[in-house]
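Undergrad: Encoded as structure tokens, here's the structure I'll be asking about.
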2 protein chains.
Amino acid sequence: MNKYMLEAINEAKINEDNNFKDGGPFGAAIVKDGKVIATSRNTVIESKDPTAHAEINVIRTAAQILETHDLSGCTLYTTCYPCPMCLSAIIWANIKEVYYGNTKKDAENIGFRDNKIYELLNNLDNNDIIKFTQIDREETIKSFEKFKNNQNLY
Amino acid sequence: MNKYMLEAINEAKINEDNNFKDGGPFGAAIVKDGKVIATSRNTVIESKDPTAHAEINVIRTAAQILETHDLSGCTLYTTCYPCPMCLSAIIWANIKEVYYGNTKKDAENIGFRDNKIYELLNNLDNNDIIKFTQIDREETIKSFEKFKNNQNLY
């Protein structure tokens, strides 16, 4: 077995061993230059945080350890193909290489909505999950205009 | 102007007023039963956390305040249409109503990759951003099988 994936699996096993009272059966590890930077697991229930998936947790932890929001050069190992939230976080973090074990279909088979969310993202204008309403753009656009005029800051 | 959107705009203005040194021009608020539960803003730079978008931050804060990962019955106000990470987080949090100001296109116009990520999510098998490799499923599936046998826990 891949030694980095083993780190991710060991995190999932922590949840398994306590009967999933902290969160679902998911673990992840972030590796840079052959070194494990951080490992984490799903803690949605224990943390009372719907965003506390294994990948989000491990990205947040690795970013704290490396003291940057930019995880360029890091590789992510995850026991399951990332949900759209985590996949997008991976992109925002500039991680470009992902090793995964279980598939989206595997996640669906044990009751998780990953596939349903992927479907919604392919059909945003006609979905039965979220009602979107646009308001007050003439006010919200002002900060965007200020930002555009300060692009040199980034 | 909508009074809840004003709360979100005021958060974006905090970043605007400090020349975006903490993060981009985004703010959000979560409301339940007419009461503002939490407000937040993008703090990616200041928090050294690539997941610290306004919506993720406000969901995490509201979940801590309400002491549950389940934000059913809450409404989200955000100064910009959510990126795919935040939109997925909204679904995981069971928020079903979203009011937004600026559009995805507006975000693209000031240099953010929201639209690019939406495109990737529509074409996962053929993308030039992330390289996915499946490994060790025979090991990672074990925790899923344990979870399936414990479905009554959830």
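The values are calculated or read from the model by the stated rules, or taken from the named source; none is laboratory data. Not measured: the values here are computed from a predicted model. When we count neighbours, we look across all protein chains shown, and the Cβ atoms used for this are built from the backbone with ideal geometry, even at glycine.
Undergrad: Would you say A:Y77 is hydroxyl-bearing (S, T, Y) and either buried (at least 24 other Cβ atoms within 10 Å of the Cβ) or more than 16 Å from the chain's Cα centre (by Cα) (or both)?
TA: yes
Undergrad: Another question about this same structure. Taking B:F112 and the conditions (1) at the interface with another protein chain (Cβ under 7 Å from one of its Cβ atoms); (2) touching a residue at least 40 places away in the same chain (Cβ under 8 Å), which numbered condition does it fall short on, given that it satisfies the others?
TA: (1)
Undergrad: Can you tell me which residues in region B:93-102 are crowded, with 24+ Cβ neighbours inside 10 Å and either touching a residue at least 60 places away in the same chain (Cβ under 8 Å) or more than 17 Å from B:V31 (Cα to Cα) (or both)?
TA: Hits for region B:93-102 are B:I95, B:G101, B:N102.
Undergrad: More than 10 Å from chain A (Cβ to nearest Cβ) and modelled with pLDDT of 95 or more: which single residue out of B:V58, B:V44 fits that description?
TA: That would be B:V58, the only listed residue that is more than 10 Å from chain A (Cβ to nearest Cβ) and modelled with pLDDT of 95 or more.
Undergrad: Let me confirm something: among B:N57, B:N94, which residue is out of contact with any helix residue (DSSP H, G or I) (no Cβ under 6 Å at 6 or more places or on another chain), in a helix (DSSP H, G or I) and among the polar types (S, T, N, Q)?
TA: B:N57
Undergrad: Mind checking which residues of region A:8-31 are farther than 17 Å from B:I135 by Cα and in contact with a Pro (Cβ under 7 Å, 6 or more places away or on another chain)?
TA: Across region A:8-31, the qualifying residues are A:N15, A:E16.
Undergrad: With (1) surrounded by 14 or more Cβ atoms within 10 Å (Cβ to Cβ); (2) at pLDDT 90 or above as the list, and A:L124 as the residue in question, which single condition is left unmet?
TA: (2)
Undergrad: If you don't mind, another one. Which one of A:E119, A:E139 is more than 7 Å from chain B (Cβ to nearest Cβ) and part of a helix (DSSP H, G or I)?
TA: So the residue among A:E119, A:E139 that is more than 7 Å from chain B (Cβ to nearest Cβ) and part of a helix (DSSP H, G or I) is A:E119.
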